[in-house]
Each structure stands twice: as C-alpha cells, then as structure tokens.
Amino acid sequence: DTEVTQTPKHLVMGMTNKKSLKCEQHMGHRAMYWYKQKAKKPPELMFVYSYEKLSINESVPSRFSPECPNSSLLNLHLHALQPEDSALYLCASSQGSQGRRRETQYFGPGTRLLVL
Amino acid sequence: QQQVKQSPQSLIVQKGGISIINCAYENTAFDYFPWYQQFPGKGPALLIAIRPDVSEKKEGRFTISFNKSAKQFSLHIMDSQPGDSATYFCAAASNDYKLSFGAGTTVTVRA
C-alpha cells in the first residue's frame with residue numbers, strides 16, 4: 001500500500017478564516033512533506049518533517065503552520081491567508097531513514113485551496 | 001534558479017508514436033532521478049526512477065536514458081496511448097530530502 005490520503009479535497013476560505021489541512025500515511029514512513037503547487041508549475045517544497053521533528057522550512061510565511069502529531073499524521077494550519085495562496089497543497093511521504101533521504105516520495109491527491 | 005532544466009514545455013504525439021522528454025542538471029551531488037506523472041486535479045505519481053550507475057532503465061513502455069558525463073537524462077514513452085496524456089516532471093535529489101523538479105512537460109496523445 002503506497003497511499004497518502006489528504007482531507008479535505010477542496011477548501012474555500014476567507015482571508016480571516018482559520019482552517020487545517022490533514023494528511024495521513026500508514027506506510028511506516030518517517031519523513032513527511034508539504035508542497036504547494038500552482039497551475040502548470042512543479043510542486044514547491046514548503047516543509048519537511050523527519051521523525052516528527054521539523055527538518056526543513058523553506059522560508060514559508062508564518063500564516064502557514066505545520067504540525068506532526070505522530071508518525072502517521074501531518075497537519076497544515078492556515079490563518080489569514082491571501083488570495084495568492086490559492087493553490088493545490090500536496091502532502092508526500094518517504095521512508096526517510098538515515099542515509100536514505102533521497103528515497104521515493106509518494107504524493108497524496110492534494111487539497112485544492114481557494115482563498116477569497 | 002531552476003536546478004533541473006526540462007524540455008519541451010509541451011508536445012503532441014499521435015497514438016502509437018514515441019514521446020521524448022529531456023532533462024539536464026548541473027549539480028553533481030544529485031544521485032537519484034525520478035520521473036513523476038500527474039493527471040489534472042491529482043497528485044504526482046512516481047513513474048520510474050534511475051540512479052547514475054545505470055545508463056538505461058525500462059519499465060513497460062517507459063524508458064529512462066541517463067548520460068552521466070553530459071548530466072542529462074530523458075524519458076521515452078513508446079507506443080504512446082491517449083491515457084498517457086498528462087504532465088510529466090523530471091526531478092533530481094541528493095541526500096537532503098529535497099527534490100528539484102523540472103518545469104514539467106504536458107503530453108497530449110491524439111487518437
């Protein structure tokens with residue numbers, strides 16, 4: 001099973017709302033990722049968690065707040081977003097064991113976010 | 001600055017034809033080169049991947065060719081089918097969790 005699930009599939013929010021995106025994997029992977037993807041562009045890395053600790057933050061604005069409650073779950077908390085934050089938000093996971101940080105990343109289907 | 005350059009931006013091929021997508025990189029620390037296929041509204045899915053100790057890898061109708069000295073790699077889709085119509089991303093990674101993606105190629109297979 002190489003499935004990464006994401007909820008919700010679609011989300012519409014106003015600029016003053018607070019919402020959360022959820023990601024789950026049961027492959028025993030220890031690295032989990034958030035990406036942002038604009039139309040017709042490649043995914044852009046936002047955050048990497050390794051063994052439930054934040055390993056990489058690609059200078060993402062503080063209105064995006066990641067959380068890794070356990071090794072299977074990854075959340076992205078959203079607050080005071082801007083219309084330009086509208087995009088497809090992708091979660092991914094990989095084995096992430098020491099010395100194997102380049103292993104295959106498995107992507108979820110994404111959450112389509114629209115900020116009004 | 002894009003670390004992996006991908007071309008063409010789009011291509012149209014007749015059913016049964018061959019689709020060829022090329023990628024080039026500069027960072028010699030890259031040692032893992034996956035290709036992802038993405039359908040509209042879906043997340044990218046790993047198609048095939050190669051490491052630099054191999055010059056060619058084939059999985060079904062999909063073949064990666066790798067030229068380490070030229071720092072180039074390419075994807076060939078043989079006997080292209082309408083179901084292959086998608087966006088294809090090449091990528092490269094070293095040992096730091098980060099995937100450097102190419103800009104993507106939209107492939108349209110005409111029946």
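The values are calculated or read from the model by the stated rules, or taken from the named source; none is laboratory data. Keep in mind the model is a prediction, meaning the values are calculated, not measured. Reconstructed Cβ throughout: ideal geometry from the backbone, glycine too, with neighbour counts over all protein chains shown. Surface areas here come from the heavy atoms of the whole protein model, side chains and all, with no ligands, DNA or RNA. Shrake-Rupley method; radii C 1.70, N 1.55, O 1.52, S 1.80 Å.
Roughly how many Å² of residue B:108 are accessible to a 1.4 Å probe, to the nearest 10?
Answer for residue B:108: close to 50 Å² accessible.
In whole percent, what relative contact order does chain B give with Cα contacts below 8 Å and a gap of six or more residues?
38 percent
From the protein chains alone at 1.4 Å, what is the descending order of accessible area for B:54, A:4, largest first?
These residues rank, largest area first, as B:54, A:4.
Rank these residues by their accessible area, most exposed first, probe 1.4 Å: B:62, B:73.
Order by accessible area, largest first: B:62, B:73.
Top mean-square fluctuation among B:57, B:98, B:68, Gaussian network model of chain B, C-alpha springs under 10 Å?
Of the options given, B:98 has the highest mean-square fluctuation.
Per q in 0.13, 0.14, 0.20 Å⁻¹, report the Debye log10 I(q)/I(0) for chain A, using one uniform scatterer on each alpha carbon and no solvent.
Taken in order of the listed q values, log10 I(q)/I(0) reads -0.45, -0.52, -1.05.
Suppose the Debye formula is applied to equal point scatterers at every Cα of the protein assembly as shown; what is log10 I(q)/I(0) at q = 0.10, 0.18 Å⁻¹?
So the normalised log intensities work out to -0.46, -1.33.
Sum up the lysine pairs in chain B that clear both bars: alpha-carbon distance under 27 Å and a spacing of 8 or more or different chains.
Step by step, the pairs that qualify in chain B add up to 21.
Could you report the accessible area of residue B:58 in Å², rounded to 10, computed with a 1.4 Å probe on the protein chains as they sit in the structure?
My reading of the accessible area for residue B:58 is about 140 Å².
Taking the alpha-carbon centroid of each part, what is the distance from the range A:102-116 to the range A:1-65 in angstrom?
Comparing the Cα centres of the range A:102-116 and the range A:1-65, I get a distance of 6 Å.
Dividing the alpha-carbon radius of gyration of the range A:41-89 by 2.2 N^0.38 Å (N being the number of residues), what value is obtained?
So the range A:41-89 has a normalised radius of gyration of 1.19.
Sort B:110, B:61 by accessible area with a 1.4 Å probe, largest first.
My answer, sorted largest first, is B:110, B:61.
Can you give me the relative contact order of chain A as a percent, contacts being Cα pairs under 8 Å and 6 or more apart?
37 percent
Can you give the alpha-carbon Rg of chain B over 2.2 N^0.38 Å, where N counts its residues?
For chain B, the normalised Cα radius of gyration comes out at 1.01.
Hey, got the dipole for the range A:12-116? About the Cα centre, +1 on K and R Cβ, -1 on D and E Cβ, debye to the nearest 20?
I would put it at about 160 debye.
Could you work out how far the C-alpha centroid of the range B:33-50 sits from that of the range B:3-19, in angstrom?
Centre-to-centre distance over Cα atoms comes out at 14 Å.
So with the 1.4 Å probe, I'd like the accessible area per residue for the protein assembly as shown, rounded to whole Å².
49 Å²
In the range A:26-60, whose amide N lies under 11 Å from the spot 7 Å out along Cα-to-Cβ of residue B:2? List them in ranges.
Taking a point 7 Å out along Cα→Cβ of residue B:2, the residues of the range A:26-60 whose backbone N falls under 11 Å are A:41-42.
So what does residue A:113 come to for accessible area, using a 1.4 Å probe and Å² rounded to 10?
About 0 Å², rounded to the nearest 10.
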